[in-house]
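The values are calculated or read from the model by the stated rules, or taken from the named source; none is laboratory data. Bear in mind the structure is a predicted one, so any value in this text is a computation, not a measurement. Cβ sites come from the backbone with ideal geometry, for glycine too, and all protein chains shown count toward neighbours. To get the accessible areas, we keep the full protein, side chains included, count just its heavy atoms, and leave off ligands, DNA and RNA. Shrake-Rupley method; radii C 1.70, N 1.55, O 1.52, S 1.80 Å.
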Amino acid sequence: MEHIAHNFPFIASALLMGIAFYIILFKKNLIKLIMGIGMLSSGVNLFIVALGYRTGGNAPIYTDVPPGPMVLSVPQALTLTSIVINVAVLALMLTMVIHTYRHTGTLDSEKSRRLKG
Amino acid sequence: MRTVTGLILLLVLVAFLVSGMLLIHPFGNPSPTDMDDYIIENAQNQTGSNSVVASVVFDYRGFDTLGEATILFTAVTGVLLLLRTVKHKKENP
Amino acid sequence: MLSKIVRTVANQLIVFILIFGLYVIAHGHLTPGGGFQGGAVVVSGVVMLLVAFSSKDFKKSLRERLLTIMESTGALIFAILGFGGLGTVFFYNFLVGSPIFGRIPPTGPGPGDFWTGGFIPLMNFAVGLKVIAGLSAVILAIALFARGEEMEE
Amino acid sequence: MTFIFESGYTFWNPLIWIIVFLVVAIIVYFFRRRGQKGYKKDTDQARIFLCGEEVPEAEERHIRVGNIYWGFFETLKEYYKQILRVHTGIINDYILWFVAVTVVSAIILVIAGLAK
Amino acid sequence: MAALITHSPILIIAIPLVAAFLTPLIGMASRKARNTLVIVSLAFVVFLVFALARDISINGIHVYTLGATSPGQTIPTGFMVPVRIILEVDGMSVFFGIIWAIVSLAAAIYSLSHIASETGQTRFYTLLLLMVTGGFGMMFTGDLFNLFVFLEIASISGGALIAYRTKYADTLEGGFKYIVVSAIAGLMVLFATGILYAQYDSLNIATLAQVIQYTTLDKIALALLLIAFAMKTGMVPLHLWFPDAYSVAPASITGMLVITSHACMYAAFRVCFTLYGGVIDAPVVGWIIITFGLLTMFVGVTMAVFQKDVMRFMSYHAISQLGYMWVGVGVGLAVLGNTELLATYGRDAMSGGIFHILNHAMYKPLLFFTGGALFHYTGTRDLTKMGGLAHKMKWTTILYIIGTLSISGIPPLNGFSSKILIYESVYQFHPILTVTGIIVSILTLASFTKAFHSAFMGAELPEYKKVKEVPKSMIIGMVILAAGIVFITLFPSLIVNWAIHPAADALIDQGAYINAVMGAVP
C-alpha cells in the first residue's frame, strides 16, 4: 500500500495514458482523437519527468541555488524535446483535419472515410 | 462486440501499465544515477553554463535538440505545404 | 475584431510580452527557460493580437516569405554552430574559452555571469528566432485558411 | 567477380539461365520465321474472324480486371468476407489492433518468463 | 579524405539536413538551382555512404561521439558510462544506408518531372530531404532517444508528403492515418525508452545491452518497442494503415516510404538482436515474429489479388514481401541461443531475409514508380479503367516486366536468389514455412500477371489516344533501380559475400557492438 503511495505520480501517468487510449479507441470525432493523442503524450511526458525527481531536490540550475541535492537533469531535457515534438505533430494533424473537413464536410472518422478494403 | 473487446483489452493494458509502474524505483530516490551525477558535477566547467538543463539540451544531447528543431521546421513546412494555394501562381514555382 | 477596450489593452500588453520573451531567450543559459520557451512566450503575444484584431490585418505585416526566411535562417545558424566544432567533433562546444561567451563560471552555486556558456546562448537565440517565425506562420496560416484565405507571398 | 551463386545448399550460374533463355528465344524465332509467307498486314487476313459475327470494338474486347480469376474469388468467397470485415477503414480500429497485439505479446512474454 | 571518412557518419546525416534548410531560401531565387542542390547533395551522400561502407568492411564498426573532445572517445575520462550521443555504424546499419541512399536519389530524380505540374514544389523537396535525414539518423544512431527523434522526423515529413496532392480528399485521409499511427508508435517507443532509462539510467543501446537484466519491466518495454516498430513496418494485423497511406502518396514518395518501413524493421531487429540480444527469450520472441510473418505473407498476397487500384495492389504486395523478411530473420532469432543450429541454418535464414530486404528495396520502388508512370498521364489508379497502355509506354512496360519477374521470383532474377535462401534454410526449422512461402510466391506471380494484362495488354483504348511515354527523368529514376536489379542478378554471390553476410554477422555478434562503445572502460 505504501508502495502505491510512493509511486503515485507514475500510477497517475499510467492512468492518464489509459484514459487517452480510451478516447483514441472509442471516440469517432477526429478532433477528440487528436485530443487523445495529446493526452497520451502528456502521460508519457509526466512519466519521464517524474523519473528524475529526488526528494527535496532543487532545480538543476546553479544560479543562486539553495544548498541541497539536485534533481536529475536528463529527464527534463528529454521531456522538453518530446513536448516540442508533440506540438509539431498536433499542428500537422489539425491541419489535415481542417482540410478533411473542407473536403468531406464531416469530422466523423467513419463518415469521412474514403479508403477501405 | 467491438466495445466489449476493446474495453477488456484496454483494462488489461492499464493493468499492465500500473503493475509495471509499481515495479519502478520508489518516487523520489532514483537509482542508479551515475550519468546524471556526472553531468550535474561537470556541466559548469565543461560547458560553462550555469543551467545544467541548458547544457544537457544544447551540449551533451545537442544532437537531439537539432533533431527537435528539425521536427519543428518539418511541421511548419508541412503545414504551409498543405495550406498552400492549389491554383498556379506565376511568381512562385 | 474585438471591442476597442480589448484592442487598446492588447496594444499596450504586447510590449511587455515581447520583452519578457526576449529576456527568457537571452538568459536561457542562466535561468529556467531558453529558446523554445521564450519563443513560445512571444508567439503567445502574437496569438493575443490575432484574437484582438482580425487575421486580415496581419496579412500585410507577417508575410509568408519573411517568416520562411527567418525560420530557415534560425535553423541554418543552429546547424552551422554544430558544424563549427567539426575541427574536433560535430557539436563540440568550440566557444568555451573564447572571448565571446567563453568565460567559465566558478563551480558551485553563484550569481550567473552572462558571458558564459559557449555556443549555448547563440543556439538559444537561433532556436528562439526559429520558433517565433515557425509558430507564428503556422497559427496565421491556419487562421487565414479557416476564413478561406491564403497567406501573402 | 564470379557469376556462380552458392546458397550453401544449391548453386547456379545466372549466365547459364540467360543463355538458355536466349537459345529458346532463337528456336521460337526460327519456328516463327518458317510461318506462312503469304500473310500480309492491313488486309482481311489480319482481321479477326468470329464465325461471321461482327467483331466488337476494342474497349469491349479488352478483358477488364474485374473478370479475371472469377473462379478463384468464387471459391474463396467466405475467406474474403471474413478478411474484409477486418479492413474497415476506420482509424480507431487500427489503434485497437495495436493495443490487442501489444497486450497479447506482453502476456506471452511475461508468462514465458514465469514458466522458466 | 581521412577526415572525411572519420566524420562521414555525421556528414551523411547533416548534409541533407543543411540542404533542406537551404532549399526554401534558394527555391525563392530559381527552381533550377533548387533542383541542382537537391540532386547534388543526394549524390554526394551516395558517395559518402559507399566510402563509409568500404571503411567499415576494412576497419570494423565505426563509432562517432558527438561533442566529445575526439570522435572515438565514447566514454569521458575516468567514468564508466557514456554521457553523450554516440553514432554507431556497423555492417547492418551501412547496409540499410546504402539502400536508402540509392533509392532516395532515384526518387528525387523521378520527382523532377513527376510533380512538375504541381504547386509548392520547394516545400516538397525540403520535406523530401528531411525524410532522407530522418531515415539515415534512424539507421546510424546508437542512442534510443535519438532513434525516437529521427523516427518522428521521418514520420512527420512522410505524413506531410503523403497528403501532398491536397485537391483530392483521399490523400489527406491517408496522410492523417499515417501520422496518427506514427505518433502513437513513436509515443510507445518513447515510453519504453523511459522504462529502460528508469532502471539503468542510460540511453545508449550498447550500455543498456551490457547491463540489461530482462525483468518484467524489460519484457513490457520489449513488447512495446517490438510491436510499435512492427506497426510502423506494416506487419499483419497492424497493416491496415499501410495501403491507405501508400496508395495515395506521389509515386516517388511511396518508393521512399517502403524504405522507411525497412528502417523501422531495422530498428526492430536492432532491439531484438542487440539491445536484448544477451538476455532475450529467443524461441518465444522468434515464434511470435514467425507467426506474424506468416500471417503477413498470406493475408497480404490474398488481399493483393483482390485489389483493383494499382497502387493499393502494389502496397499489399509490399506487405506480403515484408513477411518473407520477418520469417527469415525470425528463424534466425528463434535459434539465436543455439550455436550449432545457428551455424546450420539460422545464419542462412537471416542472410536470406536480409538479402530479400535488398531485393525488395530495388524492385518494389521500381514497381511503384511504374504505377506512378501509369497514373501520370491516364490520371487514374483504377485498373478497370486501364488497358492497352503497352502500345504507348514501351519503357514503362519493359521496366514493369523486369520488376514483375523479380518480385515473383522467376530465376535467375534476384528475387529468386533470396527466396531460395529463405526456403531451403527455413525448411529445416519447420516445413510449413517453406510451403506457405511457395504458395505466396505463386499467388504473387498470378496477381502481377493479372495486373499486367489489365493495364498493358489488349487493344489500344480510345480514351488513351493522347497518352505518351513518360518524361526523361522518370525513366532515369526507374532505370537506376532496374540497373540495381540486373547487377544483383548477375553477381549474387558478390553481394552475399560483401554485403549480406557482414550484415547478418553484425546482428548476431552482439559483443562487438557493445565493445565498440564500452571497450574503453578504465
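What the table below lists for this structure:
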quantity: Listing of helices (runs of 4 or more DSSP H) fully contained in the range E:208-290 that carry 1 or more residues being of a type outside the set (Lys, Arg) and without any contact (Cβ under 8 Å) to a residue 24 or more places away in the chain; calculated: E:216-233
quantity: Out of D:50, D:84, sole residue that is over 30 Å from residue E:279 (Cα atoms), exposed (fewer than 14 other Cβ atoms within 10 Å of the Cβ) and within 14 Å of chain A (Cβ to nearest Cβ); calculated: D:84
quantity: Selected residue (only one of B:26, B:32 is within 29 Å of residue A:5 (Cβ to Cβ), more than 8 Å from chain A (Cβ to nearest Cβ), of a type outside the set (Lys, Arg) and open to solvent by 20 Å² or more (accessible area, probe 1.4 Å)); calculated: B:32
quantity: Which listed residue is open to solvent by 40 Å² or more (accessible area, probe 1.4 Å) and either more than 13 Å from every other protein chain (Cβ to nearest Cβ) or over 27 Å from residue B:76 (Cα atoms) (or both), from E:43, E:29, E:68, E:51; calculated: E:43
quantity: Output for the range B:13-23, where each listed residue is more than 7 Å from chain A (Cβ to nearest Cβ) and surrounded by 16 or more Cβ atoms within 10 Å (Cβ to Cβ); calculated: B:16, B:20, B:23
quantity: Some residue of the range D:1-20 being in contact with a helix residue (DSSP H, G or I) (Cβ under 8 Å, 6 or more places away or on another chain), facing another protein chain (nearest Cβ under 10 Å), open to solvent by 80 Å² or more (accessible area, probe 1.4 Å) and of a type in the set (A, V, I, L, M); calculated: yes
quantity: Single residue of the range E:125-146 satisfying the filter (more than 10 Å from chain B (Cβ to nearest Cβ) and closer than 14 Å to residue E:87 by Cα) that is surrounded by the most Cβ atoms within 10 Å (Cβ to Cβ); calculated: E:135
quantity: Filter pass, residue C:79 being under 26 Å from residue E:9 (Cα atoms), surrounded by fewer than 23 Cβ atoms within 10 Å (Cβ to Cβ) and either within 9 Å of chain B (Cβ to nearest Cβ) or charged (D, E, K, R) (or both); calculated: yes
quantity: Any hit, the range E:360-368, residues being open to solvent by less than 10 Å² (accessible area, probe 1.4 Å) and closer than 16 Å to residue E:293 by Cβ; calculated: yes
quantity: Among the residues listed as E:352, E:300, the single one being buried (at least 24 other Cβ atoms within 10 Å of the Cβ), within 30 Å of residue E:114 (Cα to Cα), at pLDDT below 95 and not hydrophobic (A, V, I, L, M, F, W, C); calculated: E:300
quantity: Residue satisfying all of: in the range E:265-281; open to solvent by less than 10 Å² (accessible area, probe 1.4 Å) and within 14 Å of chain D (Cβ to nearest Cβ); nearest to residue E:98 (Cα to Cα) among these; calculated: E:268
quantity: Checklist (1) open to solvent by 50 Å² or more (accessible area, probe 1.4 Å); (2) at negative phi applied to residue A:56, failing item; calculated: (2)
quantity: Count of the range C:44-71 residues which are among the hydrophobic types (A, V, I, L, M, F, W, C) and closer than 19 Å to residue E:23 by Cβ; calculated: 4
quantity: Criterion (at the interface with chain B (Cβ under 7 Å from one of its Cβ atoms), in contact with a Gly (Cβ under 7 Å, 6 or more places away or on another chain) and not in a helix (DSSP H, G or I)) met by exactly one of C:118, C:112; calculated: C:118
quantity: Exclusive hit being within 23 Å of the chain's Cα centre (by Cα), at pLDDT below 95 and outside any helix (DSSP H, G or I), set A:115, A:72; calculated: A:72
quantity: Test set (1) buried (at least 24 other Cβ atoms within 10 Å of the Cβ); (2) among the aliphatic types (A, V, I, L, M); (3) in a helix (DSSP H, G or I); (4) in contact with a Leu (Cβ under 6 Å, 6 or more places away or on another chain) - residue E:149 fails condition number; calculated: (4)
quantity: For residue B:3: the one exception among (1) over 24 Å from the mean Cα position of the chain (by Cα); (2) in a loop (DSSP other than H, G, I, E, B); (3) among the polar types (S, T, N, Q); calculated: (2)
quantity: Scope the range E:71-83; condition facing chain B (nearest Cβ under 8 Å) and surrounded by fewer than 22 Cβ atoms within 10 Å (Cβ to Cβ); matching residues; calculated: E:76, E:79, E:80
quantity: Top-ranked residue of the range C:92-105 - restricted to ones that are touching a helix residue (DSSP H, G or I) at 6+ places or on another chain (Cβ under 8 Å) and within 8 Å of chain B (Cβ to nearest Cβ), ranked as surrounded by the fewest Cβ atoms within 10 Å (Cβ to Cβ); calculated: C:104
quantity: Qualifying positions in the range E:162-184 - open to solvent by less than 10 Å² (accessible area, probe 1.4 Å), part of a helix (DSSP H, G or I), aliphatic (A, V, I, L, M) and within 8 Å of another protein chain (Cβ to nearest Cβ); calculated: E:172, E:179, E:180, E:181, E:183, E:184
quantity: Residue count, the range C:29-57 (criterion: under 29 Å from residue C:104 (Cα atoms), part of a loop (DSSP other than H, G, I, E, B) and touching an Asp or Glu at 6+ places or on another chain (Cβ under 9 Å)); calculated: 1
quantity: Hits in the range D:1-52 - residues which are modelled with pLDDT of 75 or more, over 27 Å from residue E:456 (Cβ atoms) and part of a strand (DSSP E or B); calculated: D:5, D:11, D:12
quantity: Single residue of E:104, E:155, E:93 found to be open to solvent by less than 10 Å² (accessible area, probe 1.4 Å), touching a Lys or Arg at 6+ places or on another chain (Cβ under 9 Å), among the small types (Gly, Ala, Ser) and away from chain B (no Cβ under 13 Å); calculated: E:93
quantity: In the range E:231-244, the residues that are of a type in the set (A, V, I, L, M, F, W, C), within 9 Å of another protein chain (Cβ to nearest Cβ) and farther than 14 Å from residue D:95 by Cβ; calculated: E:235
quantity: Qualifying residue in the range C:23-37 (condition: closer than 15 Å to residue B:55 by Cα, under 22 Å from the mean Cα position of the chain (by Cα) and away from chain B (no Cβ under 11 Å)); calculated: yes
quantity: Residue list for the range D:87-109, restricted to those being part of a helix (DSSP H, G or I), within 7 Å of another protein chain (Cβ to nearest Cβ) and open to solvent by 30 Å² or more (accessible area, probe 1.4 Å); calculated: D:97, D:108
